[in-house]
1. With a sphere of radius 13 Å drawn around the Cβ of Asp28, what net charge do the other residues whose Cβ falls strictly inside it have (Lys, Arg +1; Asp, Glu -1)?
2. Using a 7 Å offset from the Cα along the Cα-to-Cβ direction at both Val26 and Asn9, what is the distance between the two label points in nm, to one decimal?
3. Going by average Cβ neighbours within 10 Å, how do the peptides 21-31, 48-58 rank, with the highest at the top?
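Nothing in this text is a laboratory measurement; each read-out follows from the coordinates by a stated rule. Remember, predicted model here, so these are calculated numbers, not experimental data. Every residue, glycine among them, receives a Cβ derived from its backbone with ideal geometry; neighbour counts consider all protein chains shown.
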Amino acid sequence: MSGNPSFTNLNVWQRAKDLAVYIYKVTDKGGLSKDYSLKDQLRRASVSIASNIAEGDERGTNKDGLGSSIWREVLQRRLELRP
């Protein structure tokens, strides 16, 4: 990474990581723990959010930077809507 702050300092990445941890906890209990396909899909999707933010940040090109900043904004707004 060039002199930019790490993606781990981004609020949206931190919240995406927290969401993934939450999804893992929720899918360990109740009916979701027995529905292996749904559990796996939810877990992979939740980890994908933080991974995509990190990947976009690591590429560091202007094109990727613009795309990742748009996605950061979208994800930030979605996380704000979460109850």
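1. Numbers: positive: Lys25, Lys29, Lys34, Lys39, Arg43; negative: Asp35, Asp40.
Around Asp28, the surrounding residues sum to +3.
2. Result: 3.1 nm between the two label points.
3. Values: 21-31: 12.5, 48-58: 17.7.
Packing proxy ranking, top to bottom: 48-58, 21-31.
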